[in-house]
Amino acid sequence: MLRTAGLAREVLDRARRRRVNWPQPREEDSESLSAAFASVSEFMNRTTKECEKYYSSVPACRCKENEIKHVCRYHSRQASENLLKAMEKEKNKTSPVSSPATTPQHGREASKDIYIEVFPGTYSVTATSEDMVKQTHVVDITAGQSIDLTFSL
């Protein structure tokens, strides 16, 4: 028992000598971090638009199952509906029996779904419309939690 206590004391002394004095965060660091997040967000938005442009130019019959899942999961509801309608048209061209026509829904703009994984913490999420109207939600995320945010812009 005496030997264990001595070893524990040695380990504690070594840990005290190795203590790190972390520098206090500077305001410049938070500004550069905010700029980095803004840059990543802008890149994701641009990439999404390019991806939507690509899938709107590809015939639906040439899309593989994983591409269809991708469009339905990561792109706007309108892009998903357009792809599914185009696939239905292709199916009807090759099929002797036609299915009943579907009526498009009017009166509401298509929404854009975005999925982002983050560490637990408090976040401020801001969405900006094309005419520069902003809306912000502040959320507190715990480990394993999933939150849906709806912006009315």
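Using the structure shown, decide if CYS61 is part of a helix (DSSP H, G or I), open to solvent by 80 Å² or more (accessible area, probe 1.4 Å) and either touching a residue at least 60 places away in the same chain (Cβ under 8 Å) or touching a helix residue (DSSP H, G or I) at 6+ places or on another chain (Cβ under 7 Å) (or both).
It is true that CYS61 is part of a helix (DSSP H, G or I), open to solvent by 80 Å² or more (accessible area, probe 1.4 Å) and either touching a residue at least 60 places away in the same chain (Cβ under 8 Å) or touching a helix residue (DSSP H, G or I) at 6+ places or on another chain (Cβ under 7 Å) (or both).
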Report task. Would you tally the residues in segment 54-92 being modelled with pLDDT under 75, within 18 Å of the chain's Cα centre (by Cα) and farther than 16 Å from ILE114 by Cα? Result -> 0
Report summary line: Only one of (1) surrounded by 10 or more Cβ atoms within 10 Å (Cβ to Cβ); (2) charged (D, E, K, R); (3) under 30 Å from LYS85 (Cα atoms) does not apply to GLU31, and that is (3)
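For segment 23-35, check the following and say yes or no: at least one residue is over 30 Å from THR150 (Cβ atoms), assigned to a helix (DSSP H, G or I), modelled with pLDDT of 80 or more and not β-branched (Val, Ile, Thr).
Step one: of segment 23-35, the residues over 30 Å from THR150 (Cβ atoms) are 23-29, 32.
Right, trim to assigned to a helix (DSSP H, G or I) and you get 27-29, 32.
From what's left, modelled with pLDDT of 80 or more: 32.
When the remaining residues are screened for being not β-branched (Val, Ile, Thr), the result is 32.
Yes, there is a match, as at least one residue in segment 23-35 is over 30 Å from THR150 (Cβ atoms), assigned to a helix (DSSP H, G or I), modelled with pLDDT of 80 or more and not β-branched (Val, Ile, Thr).
The values are calculated or read from the model by the stated rules, or taken from the named source; none is laboratory data. Source: prediction; values computed, not measured. Cβ atoms come from the backbone with ideal geometry, glycine included; neighbour counts cover every protein chain shown. These area figures cover heavy atoms from the full protein model, side chains too; ligands, DNA and RNA do not enter into them. Shrake-Rupley method; radii C 1.70, N 1.55, O 1.52, S 1.80 Å.
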